[in-house]
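**Student:** The structure follows.
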């Protein structure tokens, strides 16, 4: 795991103008995209499709950046760089690292979403 923060909650709140409804919307758009992008990465990796790995990791990186998920952003960047290089030998380890960071990020986002939606635990 990375030494970077999982989630910069304050930065997301600033970006959304402290609008709880917008925070919920942004998180709700991201969460289903995670599974789709991970599936794309896995499929591309299984085919040895470096450009496909690059593209899906690049998209994941952008989404993670927009949500202020620094550790996920860096893990996606690593996978994107591997895809761009064309040598996928390190991609399985990079994918595992991305998946671990995403688990942490999703947990943090779900907590933030619940707070923004006024839900109680």
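The values are calculated or read from the model by the stated rules, or taken from the named source; none is laboratory data. Computed from a prediction, not measured in an experiment: that's the story for all the values here. Neighbour counts are summed over all protein chains in view; Cβ atoms, including those assigned to glycine, are modelled from backbone coordinates with ideal geometry.
**Student:** Just the residues that are surrounded by fewer than 13 Cβ atoms within 10 Å (Cβ to Cβ) and in a loop (DSSP other than H, G, I, E, B), please, taken from the range 9-43.
**Tutor:** Hits for the range 9-43 are 17, 18.
**Student:** Identify, by number, the condition in (1) buried (at least 18 other Cβ atoms within 10 Å of the Cβ); (2) without any contact (Cβ under 8 Å) to a residue 60 or more places away in the chain; (3) part of a loop (DSSP other than H, G, I, E, B) that residue 79 doesn't meet.
**Tutor:** That leaves (3) as the condition not met.
**Student:** Criterion first (at pLDDT 95 or above, closer than 24 Å to residue 117 by Cα and either touching a helix residue (DSSP H, G or I) at 6+ places or on another chain (Cβ under 7 Å) or surrounded by 14 or more Cβ atoms within 10 Å (Cβ to Cβ) (or both)) does residue 6 satisfy it?
**Tutor:** Yes; evaluated as a whole, the condition is true for this residue.
**Student:** Kindly list the number of the only condition in (1) touching a helix residue (DSSP H, G or I) at 6+ places or on another chain (Cβ under 9 Å); (2) surrounded by fewer than 19 Cβ atoms within 10 Å (Cβ to Cβ); (3) at pLDDT 95 or above that fails for residue 46.
**Tutor:** (1)
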